[in-house]
1. Is it the case, given these coordinates, that B:R370 is closer than 25 Å to B:P150 by Cβ and surrounded by fewer than 21 Cβ atoms within 10 Å (Cβ to Cβ)?
2. Among the listed residues B:E177, B:E195, which satisfies the condition of being modelled with pLDDT of 95 or more and closer than 17 Å to B:F111 by Cβ?
3. Answer yes or no as to whether B:A172 is under 23 Å from the mean Cα position of the chain (by Cα) and buried (at least 22 other Cβ atoms within 10 Å of the Cβ).
4. Condition first: under 14 Å from the mean Cα position of the chain (by Cα) and of a type in the set (S, T, Y). Now tell me which residues in region B:227-259 satisfy that.
5. If only one of B:A152, B:A164, B:A140 is surrounded by 24 or more Cβ atoms within 10 Å (Cβ to Cβ) and within 23 Å of the chain's Cα centre (by Cα), which one is it?
6. Does region A:63-109 hold any residues that are among the β-branched types (V, I, T) and either surrounded by fewer than 20 Cβ atoms within 10 Å (Cβ to Cβ) or touching an Asp or Glu at 6+ places or on another chain (Cβ under 6 Å) (or both), and which are they?
7. Going by the conditions given, is B:G320 in contact with a helix residue (DSSP H, G or I) (Cβ under 8 Å, 6 or more places away or on another chain) and part of a strand (DSSP E or B)?
8. Looking only at residues in region B:280-296 that are in contact (Cβ under 8 Å) with a residue 24 or more places away in the chain and either assigned to a loop (DSSP other than H, G, I, E, B) or surrounded by fewer than 19 Cβ atoms within 10 Å (Cβ to Cβ) (or both), which one is farthest from the other protein chains (Cβ to nearest Cβ)?
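The values are calculated or read from the model by the stated rules, or taken from the named source; none is laboratory data. Since the model is a prediction, treat every value here as computed from it, not as a measurement. Please note: Cβ atoms are built from the backbone with ideal geometry, for glycine as well, and neighbour counts cover all protein chains shown.
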Amino acid sequence: MKYTEEHEWLRVDGELLVVGITEYAAKQLGDVVFVELPEVEAQVAKGDEVCVIESVKAASDILAPLEGEIVEVNEALVDNPALVNDDPTGEAWFFKMRVDDLSVLDGFMTEDEYAEFVA
Amino acid sequence: MGDLRTLPLAALHAELGARMGPFAGWEMPVQYADGVLREHLHCRSAAALFDVSHMGQVMLHGPGAAAALEALVPADLVGLADGRQRYGLFTDLQGGILDDLMVARRGDDLFLVVNAANAAADVAHLQAGLPAGIEVDVIADRALLALQGPKAQGALAPLVPCAAAMRFMDAAVLDWEGAALWLSRSGYTGEDGFEISVPLGAAEAFARTLLAQPGVAPAGLGARDSLRLEAGLPLQGQDIGPDTSPVEAGLGWSVGRARRTGGARPGGFPGAERILHDLAHGTARARVGLLPDGRAPMRAGTPLFAAEGDPTPMGRITSGGFSPSLERPVAMGFVPSRLCAPGTRVYAELRGRRLPAVVTALPFRAPGYRK
């Protein structure tokens, strides 16, 4: 698993990249009450706002970590936003995307580096 | 951030696992380990303890304090009975709202609780606007706690038995282990409950004793905000302020009958001409509740449109979020009076899209006051 400075985790699943938010981010957000997901087949650029997450306190975004195409979204989060607090790094993945070159993942933080980043 | 004032019970909040944040110049508990959602629901089903010591506490001493304060506040204060409390507003010369406050009658004295952000300005306003014979005494040696929820009376009565006999908006001075508590049966959650002013020396012991009662859990500002939103209660500086008049804000009821046209003491408060005119003739806009379609919360600042394709907004959401009790988004805001009838469909612009919302009467949830 790799991590972004925007508190997303990135996991490789076959030739796809799975994206979610970290436990730290979920805890900071508080109780999540609303999730808006991107359109499947949407072409996104790095840094695009692709998801909206709203907690009882505030709204925030998930940014596309890389350029690519959204191929699958986790509809379960729309019906049950609390999953983001219950299992942020497991069941509560947000979307899967196809990127040109998965090797660019090397540029993101490792688990240890992320732990230090949020410390 | 370095200039934030610290609550007298800050150490207790830290011990309880509070996440602190800035509010009105104070470092305040925003939430505890349970989180906003659970704290909110706990207040609705049991009892929540809030530390609201940031709020301004002021005593007015001197003969005729009630009559004198009527020069600044359009409530009927002369008619306020001893041991009773009333909601009031400081208005400005244009009829805008400078602050909202609670006024309790204690013999010839009045005990005021005002908003933290305006406390210093309110005190200056009182000193400038009251005659020399009225002493404005800023109470700095007391904490203020709010115990709110259907189990509030059950939790407080073992400590302060006489509190159980109080009804909504009663005010009393009662003893707890030698400390004089200033109580009122009121709050800012829409629940039954008490606001309790406690001498600093006894505040931590009293808070700990309350927290040890069955059904009592601490709650922070986050839950306080979602609770008051469900209760339809406006927040000064956000829903109401100098640019809103009491009548358009739905607070015309706080202008006492005696202070109205044809009453025993009509007018005589700042902005009376505008406010009495509004009471007689209505206003161009009104504060309403809004139920967004769908699940997306509509927050403060969201512009409102009469029709999906309208180029210019007709109103604005002033408070909004997720209602834990209703399990859906709710909001309040101002719309033109022609659009204020419950059931009227309006559109909110959210992230570049127009989403429908339906105007509804406030509050979103019936209050649990013990009248």
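1. On the way: closer than 25 Å to B:P150 by Cβ: yes; surrounded by fewer than 21 Cβ atoms within 10 Å (Cβ to Cβ): yes.
Yes, satisfied.
2. Every option except B:E195 fails the conditions.
3. No: the conditions fail for B:A172.
4. B:S254
5. B:A152
6. Within region A:63-109, A:V71, A:V78, A:T89, A:V104 meet the criteria.
7. On the way: in contact with a helix residue (DSSP H, G or I) (Cβ under 8 Å, 6 or more places away or on another chain): yes; part of a strand (DSSP E or B): yes.
It is true that B:G320 is in contact with a helix residue (DSSP H, G or I) (Cβ under 8 Å, 6 or more places away or on another chain) and part of a strand (DSSP E or B).
8. B:G282
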